[in-house]
1. When only DSSP loop residues count, what trypsin sites (Lys or Arg not before Pro) in the chain have their Cβ near at most 15 other Cβ atoms within 10 Å?
2. In deg cm²/dmol and to the nearest 500, what is the mean residue ellipticity at 222 nm of the chain if only DSSP H runs of at least 4 residues count, each as -39500 (n - 2.57), divided by the residue total?
3. Figure the gain on full extension for D31 and Y54 (residue separation times 0.36 nm, minus the Cα-Cα span) and round it to one decimal in nm.
4. Can you list residues from other chains, or at least 5 along the same chain, whose modelled amide H is less than 5 Å from the amide H of M63?
5. Ignoring ligands, DNA and RNA, please state the percent of accessible area on the chain from carbon and sulfur, probe 1.4 Å.
6. Could you tally the net charge around E30, taking each other residue with its Cβ under 15 Å from the Cβ of E30, Lys/Arg +1 and Asp/Glu -1?
7. Which loop-located GluC sites (Glu not before Pro) does the chain contain, where loop means any DSSP state but H, G, I, E or B and the Cβ has at most 10 other Cβ atoms within 10 Å?
8. List, in order, the whole-Hz ³J(HN,Hα) value for each residue of the range 55-64 obtained from phi through the Karplus relation with A = 6.51, B = -1.76, C = 1.60 and θ = phi - 60°; use x for Gly and Pro.
Amino acid sequence: MSEKLYTRAHIRLNNQAEVITFIQDLCKFEDTFSIENAAGNHRVDAKSVIGVMYTMLDFPDEMYLVNDTHNGVVPSFVDAYRVL
């Protein structure tokens with residue numbers, strides 16, 4: 001069985017205000033997005049406030065945004081949250 005390959009963006013959200021703004025901007029897109037940890041074995045809906053708050057607390061340094069609808073397509077506003 002081969003592993004599914006996909007592109008993801010390493011992001012950081014530092015507080016609740018950033019989470020709310022991030023989700024509001026993400027909800028402008030019809031695509032389905034997830035946030036996962038570095039290993040990819042824990043995922044949440046990136047448009048869920050509770051889910052994103054959970055990831056921010058549980059694995060703050062390894063948050064990766066994945067576009068589940070269109071692999072590799074990341075909205076440009078996400079650049080403001082990328083880990084460099």
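The values are calculated or read from the model by the stated rules, or taken from the named source; none is laboratory data. Please read all numbers here as calculations on a predicted model, not as lab measurements. Positions of Cβ are backbone-derived with ideal geometry, glycine not excepted, and every protein chain shown enters the neighbour counts. Side chains are part of the model used for accessible areas, which takes the heavy atoms of the whole protein and leaves out ligands, DNA and RNA. Shrake-Rupley method; radii C 1.70, N 1.55, O 1.52, S 1.80 Å.
1. Numbers: sites: K4, R8, R12, K28, R43, K47, R82; in loops: K4, R12, K28, K47.
Of the trypsin sites (Lys or Arg not before Pro), the ones in loops of the chain whose Cβ has at most 15 other Cβ atoms within 10 Å are K4, R12, K28.
2. -7500 deg cm²/dmol
3. 6.1 nm
4. Answer set, sorted by chain and number: I11.
5. Looking at the chain in its full context, I get 52 percent from C and S.
6. Surrounding charge for E30 is -2.
7. Values: sites: E3, E18, E30, E36, E62; in loops: E3, E30, E62.
Qualifying residues, ordered by number: E3, E30.
8. Each residue of the range 55-64 in turn: 5, 4, 8, 7, 9, x, 8, 9, 9, 10 Hz.
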